[in-house]
Structure formats: C-alpha cells, structure tokens
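Engineer: Mind looking over this structure? Questions follow.
The values are calculated or read from the model by the stated rules, or taken from the named source; none is laboratory data. It should be emphasised that the depicted structure is a prediction, and the values quoted were computed from it without experimental measurement. Reconstructed Cβ throughout: ideal geometry from the backbone, glycine too, with neighbour counts over all protein chains shown. With ligands, DNA and RNA removed, areas are computed over all heavy atoms of the protein, side chains included. Shrake-Rupley method; radii C 1.70, N 1.55, O 1.52, S 1.80 Å.
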Amino acid sequence: MERILIVDDEVQVCRSLGRLFRREGFEVETAEGGPEALLMLDTFRPDVVLTDFRMPRMNGAQLLAEVRRRFPRTLRIILSGYSDLVSVMTPLQEGEISRFICKPWDNDTLAPAIRAMLAPRDARATRPTPTPTGERS
C-alpha cells in the first residue's frame, strides 16, 4: 500500500484529498503546515508528499527540499494555483520538486496520475538484482 502525506494549511483541502486517496487505497496522513509535516516524517515514511505551495512559516518548496534531503526517493509534488508555477520553477528545475500540479485538481485523474508517477520507482525497487555468471576462480 502506497503512503501519502498531504500538507495544506486549509483543513478542508486536507480532508478532501485524504478522502480521495483513502478511497484509492493509499495510507494517508495529513499535516496543516511544513513544520508539522517534518515532525510527522520522524514516524511516517511516505512514498509521496503532496503539498500546497503557499503556507505560513514554511512554503511547499522549502518543505520538499527538506523531504528530498531526508528521503530522496520520496515523490515530491506541489499542488497549487497556476500563479505559483513561476515561484517554483527553480526548485522544479533543481529536482527539489518532482512535479507541479495545478489547483483545482480533478478527482478522476489525480490519484491515477500519482500512481503513474510512482510506477517507475516501484519497478526499480522490485527489479531483481543480477547475479554474476561465469565467475572465474
């Protein structure tokens, strides 16, 4: 079961996304800001961190930079208004952010899109390690 951490300072957004991803079979945790999300990472290891960009105390790009430092294989996604795209271009280009998805989101496509983003990572993790053949003594 994939694990997702949803971070948004709007409680209703967290609830709505939480319901969506639970229905899609994800294990879900939510946080109402970056500092709370970082504390949760001590005990909850998500496959995906899905965060708003504009939040008090710590924006989404700052949060995802720390997520990348701690857990480089975690998929890091900003879900925010189109106007925020300009603000996240540098972190996006530098790899701090895996993807940018515009609000409002479409419930019918968001979870499948995130599963598709996870698929290459999951395939690498389950690929068998080649064993050497024809070793010489």
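Engineer: For the stretch 69-82, which residues satisfy the criterion of being surrounded by 11 or more Cβ atoms within 10 Å (Cβ to Cβ) and at pLDDT below 90? Steps first, answer last, please.
Structural biologist: Pass one, the stretch 69-82, residues surrounded by 11 or more Cβ atoms within 10 Å (Cβ to Cβ): 70-71, 74-81.
Result: Ser80, Gly81.
Engineer: Within the stretch 35-54, which residues are surrounded by fewer than 23 Cβ atoms within 10 Å (Cβ to Cβ), part of a loop (DSSP other than H, G, I, E, B) and of a type outside the set (S, T, N, Q)?
Structural biologist: If the condition is that a residue be surrounded by fewer than 23 Cβ atoms within 10 Å (Cβ to Cβ), part of a loop (DSSP other than H, G, I, E, B) and of a type outside the set (S, T, N, Q), then Leu41, Asp42, Phe44, Arg45, Asp47, Arg54 are the ones that fit.
Engineer: Another question, then. Please specify each residue of the stretch 93-136 satisfying the condition of being assigned to a helix (DSSP H, G or I), open to solvent by 80 Å² or more (accessible area, probe 1.4 Å) and at pLDDT 85 or above. Give the derivation first.
Structural biologist: Residues of the stretch 93-136 assigned to a helix (DSSP H, G or I): 93, 107-126.
With the extra rule that they be open to solvent by 80 Å² or more (accessible area, probe 1.4 Å), the set shrinks to 93, 108, 124, 126.
Answer for the stretch 93-136, where residues must be assigned to a helix (DSSP H, G or I), open to solvent by 80 Å² or more (accessible area, probe 1.4 Å) and at pLDDT 85 or above: just Asp108.
Engineer: Taking Thr30 as meeting all but one of (1) crowded, with 18+ Cβ neighbours inside 10 Å; (2) out of contact with any helix residue (DSSP H, G or I) (no Cβ under 6 Å at 6 or more places or on another chain); (3) farther than 20 Å from Leu85 by Cβ, write down the number of the exception.
Structural biologist: (2)
Engineer: Would you call Arg15 of a type outside the set (A, V, I, L, M, F, W, C) and not in a loop (DSSP other than H, G, I, E, B)?
Structural biologist: Values: of a type outside the set (A, V, I, L, M, F, W, C): yes; not in a loop (DSSP other than H, G, I, E, B): yes.
It is true that Arg15 is of a type outside the set (A, V, I, L, M, F, W, C) and not in a loop (DSSP other than H, G, I, E, B).
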